[in-house]
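Every number here is computed from the coordinates shown, using simple stated rules; none is lab data. Because the structure is predicted, anything quoted here is derived from the model rather than measured. Note that each Cβ is placed from the backbone with ideal geometry, even for glycine, and that neighbours are counted across all protein chains shown.
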Amino acid sequence: MNKVFPTAQAALEGVLFDGMTIAAGGFGLCGIPELLIEAIFDAGTRNLTIASNNAGVDGFGLGILLATRQVKKMISSYVGENAEFMRQYLSGELELEFNPQGTLAERLRAGGAGIPGFYTRTGVGTVIAEGKEHKEFDGKTYILERGIVADLSIVKAWRGDPSGNLEFRKTARNFNPPAATAGKICVAEVEEIVPMGALDPDKIHLPGIYVHRMIQGEHEKRIENRTTRKKEAV
Amino acid sequence: MAEGQKGWDRNQMAARAALELRDGMYVNLGIGIPTLVANYIPAGVNVTLQSENGMLGMGPFPFEGEEDPDLINAGKQTITELPQTAYFDSAQSFAMIRGGKIAMAILGAMEVNQEGDLANWMIPGKLVKGMGGAMDLVAGVGRVVVVMDHTSKHGESKVLKHCTLPLTGKGVVDRIITNLGVLDVGHKGLHIVECADFVTEAELRAATEATIVD
């Protein structure tokens, strides 16, 4: 079975539909599936529910799907970098479900692992707990959070082999593995597809069983907040 | 310094917060003043900084021209790695937070109250950015230290009997470090640990709406 597709558009052929739920990897603009997001923009798929820690920025990442109003609902932990997002949310055009970051990560992991729900201390006593089942374990209160199973996962990795085994680089791993597992279909974009056997089996971060389709492409990898220090004169 | 500046500035607050660190601790520093704490880690104290986007062993900012888009902290700032650095995914990152493996979090706050409730993520109708990892951190780490200005721009106390903003966590704060001093959350109210430079106990009490017991 061939998992490697020539373009993002080809890799998404037949898997997009209006009203679908998509789990997307990335943290801020780091490790986001920028090529697949562009392909969804081009496809014009609408009424999307997107589970992603952040929502991109104006004009890049998931921000481009917000500008075209393709997104009905975001499930995110932090959306502070996106003015258009804020405008649509405050005017009621966009639904937003805030999830604590760890709860979102675990909801994706659980969904992909066949676990429909889990109890967590996170959010107890806050608005996040409202309407959720509370249960006491060993004298402490926990709330029930549900696993997320998405129609599609879109993720970005550093290197992959044709069987779909993926290797990530530094903090660009972030939400990509849990998001990948949460989808009924997972499409991955990588910087380089290497020959079978070129990846060390002991260093594979996401086994190919989770990855159904993949592409290789050029990534802009935009930096959101460039911070540096000066080299001290010797 | 007969006429010193009353209270601590941002860097002095960060330096005071750094005294909370103990050798060998795994620590998460929040955005803002807590980030500055890394500049004041006492000599002989080795701590490992966790960045909740998936890293243990966070290093300083890179030299100009050496920024790596694949290497950022939770504030999306470019950073560097250290010899002991480890990377992992977000589910693993919050497993170690939720699982109590992180000894301490030092976080900013908009409001805190005498029962240790913390509000630092949302101002209804005004600021809607999200809680990020703050709710997970306060629910999971061993000890929560809050660093904040004692009063608002209008002079109103931010150390309250009851928080007015949506909470990040209930009964989660252990210690409060402000520009005016250090307070601990006790069973019946706050305890004064120390006053900031040139701040009297009476001034600290007067600026605090919360109940201070001894």
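Label positions at A:Arg229 and B:Asp174, each projected 7 Å from the Cα along the C-beta direction, are separated by 2.8 nm. Between A:Asp202 and B:Ala86, what is the FRET efficiency for a Förster distance of 22 Å, r being their Cβ-Cβ separation, to the nearest 0.05? Working from the Cβ atoms, E equals 0.90. Figure legend: label point modelled 7 angstrom from the Cα of A:Glu218 along Cα→Cβ; no residues of segment A:169-196 have amide N under 13 Å from it. When you filter the GluC sites (Glu not before Pro) in segment B:1-87 for DSSP loop state and at most 11 other Cβ atoms inside 10 Å of their Cβ, you are left with B:Glu3, B:Glu64. P(r) for segment B:92-214, from all Cα pairs and a bin width of 10 Å, is 14, 45, 30, 10, 1 %, short bins first. In loop segments of segment B:62-121 as defined by DSSP, the trypsin sites (Lys or Arg not before Pro) with at most 14 further C-beta atoms inside 10 Å of their C-beta are B:Lys101. Projecting the Cα atoms of A:Gly117, A:Ile64, A:Tyr89 onto the charge dipole of chain A (Cβ charges, centred on the Cα centre) puts A:Gly117 farthest toward the positive pole.
Taking only the Cα atoms of the protein assembly as shown, the ratio Rg/Rh comes out at 0.99, with Rh defined as the Kirkwood radius.
Using the empirical formula 2.2 N^0.38 Å as the baseline, the Cα radius of gyration of chain A reaches a ratio of 1.05.
Anisotropy class assigned to segment B:96-159 is oblate, per the alpha carbon gyration tensor with a/c at or over the 1.5 cut-off and a/b no larger than b/c. Taking the Cα centre of segment B:133-212 as origin and assigning +1 to Lys and Arg Cβ atoms and -1 to Asp and Glu Cβ atoms, the resulting dipole is close to 280 debye.
What angle, in degrees between 0 and 90 and rounded to the nearest 10, separates the Cα long axis of helix A:34-43 from the longest principal axis of the Cα atoms of chain A? The two axes meet at around 80 degrees.
Inter-label distance, A:Arg46 to B:Arg22: 5.9 nm, where each label sits 7 Å from its Cα along the C-beta direction. For segment B:28-55 versus segment A:29-46, the spacing of their alpha-carbon centroids is 34 Å. Length available on full extension from B:Ala43 to B:Ile31: 0.36 nm per residue minus the Cα-Cα distance, which gives 2.0 nm.
222 nm [θ] for chain A, helices only, -39500 (n - 2.57) per DSSP H run of 4+, per residue, to 500?
So the helix-based figure for chain A works out to -5000 deg cm²/dmol.
Put a dot 7 Å past the Cα of B:Thr200, heading toward its Cβ, do the same for B:Gln5, and the two dots end up 2.3 nm apart.
Rg and Dmax over the alpha-carbon atoms of segment B:14-173 stand at 15.9, 49 Å.
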